[in-house]
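Each remark here refers to the structure printed beneath this line.
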Amino acid sequence: MVKQANSSLILNLSRVLDASRERVWYAWTDPLRLKEWFAPSAGMGTCLAEVDFRPGGAWRIGMGPARDPILISGRYLEIVPPEKLVFTWNWPPGMFDSLRETQVTILLKDLGSGKTELTLRHEGFNTAQERDDHAWGWNGCLEQLAIRLAR
């Protein structure tokens, strides 16, 4: 269960993407598309994306090399196509040990002219350092997403 959020420890990011809301939605919900962008840098890559896309369904992402990926997992809490996605976020043991389970909310707003505003809210951090480390990772992932969608 995600703990009550301290508002100063909530990560909020926003980005305008050069793609329709539907394209952005599918980039977040289709495992083949997730593998194309879900990593904080192009050099890291995503070797695994598993999605049971339904409320309560599990997801799992493997970032890095297939022989030794960083496995992140969670469950979908809320799915409102193509505008809202809420899921839990769990790191593997040994990474961010003070974090148990955090929560991510993705909101997609159609701006017209083939543009979409993506807002990401990640909450449940214990420290500003955890929040800031995740800001680095999410900013990298969103940059990879923007590059992929621009193709």
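Points to keep in mind about this one:
- Per the listing GLY64, GLY124, the residue uniquely in contact (Cβ under 8 Å) with a residue 12 or more places away in the chain, touching a Lys or Arg at 6+ places or on another chain (Cβ under 8 Å), among the small types (Gly, Ala, Ser) and over 26 Å from GLU22 (Cβ atoms) is GLY124.
- Residue match in region 47-58 (condition: farther than 25 Å from GLU117 by Cα, at pLDDT below 95 and in a loop (DSSP other than H, G, I, E, B)): no
- Restricting GLU36, GLU78 to residues that are over 19 Å from LEU149 (Cβ atoms) and among the charged types (D, E, K, R) narrows the list to GLU78.
- Restricting LEU13, LEU99, LEU107, LEU77 to residues that are buried (at least 17 other Cβ atoms within 10 Å of the Cβ) and either assigned to a loop (DSSP other than H, G, I, E, B) or at pLDDT 95 or above (or both) narrows the list to LEU99.
- With respect to the conditions (1) modelled with pLDDT of 95 or more; (2) over 21 Å from GLY62 (Cα atoms), LEU120 falls short on a single one, namely (2).
- Condition met for GLY43 (modelled with pLDDT of 95 or more and either part of a loop (DSSP other than H, G, I, E, B) or under 13 Å from LEU145 (Cβ atoms) (or both)): no
- Region 111-129, subset assigned to a strand (DSSP E or B) and surrounded by fewer than 15 Cβ atoms within 10 Å (Cβ to Cβ), residue nearest to the chain's Cα centre (by Cα): THR119
The values are calculated or read from the model by the stated rules, or taken from the named source; none is laboratory data. Quantities reported herein were computed from a predicted structural model and do not represent experimental measurements. Using ideal geometry, Cβ is built from the backbone for each residue, glycine included, and neighbour counts are taken over all protein chains shown.
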